Amino acid sequence: MEVAVDGGLPIDPELDFTPRQRRQAIAAATIGNGLEFYDFVTFAFFAIEIGHTFFPSQSAFLSLMGSLGTFWAGFLTRPLGAFVLGGFADRVGRKPAMLLSMVLMGTGIALLALTPGYARIGIAAPIIAVIARMLQGFALGGEVGSATVYMMESATTRNRGWTMSWQGASQGVAASAGAGVGLVLSLFLTNAELSAYGWRIAMLLGVSIVPFAIWIRNSLPDTHAPEHRQAAVPGALHTYLRPVICGFIIIASGTIGTYIFNYMTTYGQNTLHLSATVSQGGEFANNAIGVISVMSGGALSDRIGRRPVQVWSQLAFAACIVPCFLWLTHSRDAVSFIGANLLMSAVGSFMSGATYAAISESVPRAVRSRTFALVYSLPVMIFGGSTQLVVTWLLHVTGSSMSIAWYLTVVTLIGASAMWAMRESAPVRIGKSGGAAKAFA
């Protein structure tokens, strides 16, 4: 049974998981998120080849736009998946929802990878490709809710932040793996071979982990079994409206930051006129240091609370953005570009684990999966697809390479205000008597 404190903040009791089961729960929950980012990087790496396969055109621009349009189609169905599969996880259990979302995700990626090109089946090829992406987006919309909540509910109360930071860390690991696979294939295959089958190999490598993911998920107990569902009380929306609104703003701010970091390779080449090697080196630095940072921040939030870690690291990130961009735009060399990326990613990723934990802990168990999924998927749909377009437009209209820095600073400060407005939810900071400890006491 969950205990409500401070106007509805739920503190779940620890479930009787063995240490081995808790480690398996981390793997089971993060593998879906990792597959998403692996696929994201793989698609981005081979966007031109995929465009040639499904959208052949005499115009390279139209072919590429068709490919990118197919990719972003998956974002449109995320909120629907969050609502449907998130609700399924709340009604039936986290485990069945996690199994279903993984099957759907694997099916979507495999369908895209195995669909013949336009040259063989005509207009059916791009139609199937779009359907595959929409199916994958639907699965991912529900996956993030059930898997993230499962990880929180399976963790001990003293290390939820550290446990949930694996969700953020898996993004960096998977993105690096996707970039590595793309790089290896590009070294050993010709351009014609990459267009014909190279990109398919990269995607099918990701699909190959789906059977393992299903096996490990099926072997674990559910954290939302019938006895948990019967004891859980949804509560009125106003009791958790604050974390819903604040969570939306925080995720939106983080999504914009993430996609700006993903844009840095393009920014380095197109705006700063650096080599592809230096630009890709900065992107790799983002991913590598981000993994360490998000894990460290999650662990610290278990000791001192979610709000201090979120607010102070977010303010520190806001303070370093403009100096870092001044450094890399004035020096325009490998040291400044990679160094600035390392610093910004290290500071900017620090709050991620605490954020996932804070939102999950602040919502009643009975509606936790659907609520978290929607709070996550809606801003990702809105801002995930538009950030790089906005950034490109800003750079073009202003003619200033610093416009991206000012935009990111404003967005970061908006996120910090939402973090400040969130109630503290870390068990270590909430008194056993039922009152919440002051955030910075």
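The values are calculated or read from the model by the stated rules, or taken from the named source; none is laboratory data. Note that this is a predicted model, so its numbers are computed, not measured. Note: ideal-geometry Cβ built from the backbone for every residue, glycine included; neighbour counts use all protein chains shown. For the accessible areas, the whole protein counts, side chains as well, though only heavy atoms, and no ligand, DNA or RNA atoms are used. Shrake-Rupley method; radii C 1.70, N 1.55, O 1.52, S 1.80 Å.
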Checklist entry - Taking segment 33-71 as the search range and keeping residues that are in a loop (DSSP other than H, G, I, E, B), more than 14 Å from Ala113 (Cα to Cα) and touching a residue at least 12 places away in the same chain (Cβ under 8 Å), which one is farthest from the chain's Cα centre (by Cα)? => result Pro56
Checklist entry - Does Pro364 qualify as being touching a strand residue (DSSP E or B) at 6+ places or on another chain (Cβ under 9 Å) and either in contact (Cβ under 8 Å) with a residue 12 or more places away in the chain or over 26 Å from Val391 (Cβ atoms) (or both)? => result yes
Checklist entry - Looking at segment 327-334, is at least one residue open to solvent by 20 Å² or more (accessible area, probe 1.4 Å) and under 20 Å from the mean Cα position of the chain (by Cα)? => result no
Item to check | Candidate set from segment 398-441 (those that are basic (Lys, Arg) and either exposed (fewer than 15 other Cβ atoms within 10 Å of the Cβ) or at pLDDT 85 or above (or both)); member that is farthest from Trp327 (Cα to Cα) | outcome: Lys432
Checklist outcome for this item: Log entry, pairs with first residue in segment 377-405 being closer than 30 Å to Gly87 by Cβ, second being polar (S, T, N, Q), beta carbons closer than 6 Å, six or more apart or on different chains, reads Pro379/Thr255; Val380/Thr255; Phe383/Thr255; Gly384/Thr255
Checklist entry - Is it true that some residue in segment 115-122 is modelled with pLDDT of 90 or more, out of contact with any His (no Cβ under 8 Å at 6 or more places or on another chain), surrounded by fewer than 24 Cβ atoms within 10 Å (Cβ to Cβ) and assigned to a helix (DSSP H, G or I)? => result yes
Item to check | Number of the condition not met by Ala276 [criteria: (1) touching a residue at least 40 places away in the same chain (Cβ under 8 Å); (2) surrounded by fewer than 22 Cβ atoms within 10 Å (Cβ to Cβ)] | outcome: (1)
Checklist entry - Restricting attention to segment 347-374, and to residues there that are closer than 25 Å to Arg158 by Cβ, small (Gly, Ala, Ser) and part of a helix (DSSP H, G or I), which single residue is nearest to the chain's Cα centre (by Cα)? => result Ser352
Checklist entry - Pick from segment 31-52 the residues that are β-branched (Val, Ile, Thr) and open to solvent by 20 Å² or more (accessible area, probe 1.4 Å): which of them is farthest from Ala202 (Cα to Cα)? => result Ile31
Next on the checklist: Please count how many residues of segment 235-260 are open to solvent by 30 Å² or more (accessible area, probe 1.4 Å) and touching an Asp or Glu at 6+ places or on another chain (Cβ under 9 Å).
Outcome noted: 0
Checklist entry - Can you find even one residue in segment 159-175 that is part of a loop (DSSP other than H, G, I, E, B) and either touching a strand residue (DSSP E or B) at 6+ places or on another chain (Cβ under 7 Å) or touching a residue at least 12 places away in the same chain (Cβ under 8 Å) (or both)? => result yes
Next on the checklist: Going by what's in this entry, would Leu189 be described as in contact (Cβ under 8 Å) with a residue 40 or more places away in the chain and touching a helix residue (DSSP H, G or I) at 6+ places or on another chain (Cβ under 8 Å)?
Outcome noted: no
Checklist entry - In segment 72-89, which residues are in a helix (DSSP H, G or I) and open to solvent by less than 50 Å² (accessible area, probe 1.4 Å)? => result Ala73, Gly74, Phe75, Arg78, Pro79, Gly81, Ala82, Leu85, Gly86, Gly87, Ala89
Checklist entry - Does segment 381-392 include one or more residues that are over 30 Å from Arg332 (Cα atoms) and assigned to a helix (DSSP H, G or I)? => result yes
Checklist outcome for this item: Note on Asn341: of the conditions (1) at pLDDT below 95; (2) touching a Pro at 6+ places or on another chain (Cβ under 9 Å), unmet is (2)
Checklist entry - So which of Ser186, Ser195, Ser170 ends up being open to solvent by less than 50 Å² (accessible area, probe 1.4 Å) and within 24 Å of the chain's Cα centre (by Cα)? => result Ser170
Item to check | Residues that are more than 19 Å from Ala155 (Cβ to Cβ), surrounded by 14 or more Cβ atoms within 10 Å (Cβ to Cβ) and either in contact with a helix residue (DSSP H, G or I) (Cβ under 6 Å, 6 or more places away or on another chain) or modelled with pLDDT of 90 or more (or both), drawn from segment 214-232 | outcome: Ile214
Item to check | The lone exception for Met351 - which of (1) modelled with pLDDT of 90 or more; (2) in contact with a Leu (Cβ under 9 Å, 6 or more places away or on another chain); (3) not β-branched (Val, Ile, Thr) it fails | outcome: (2)
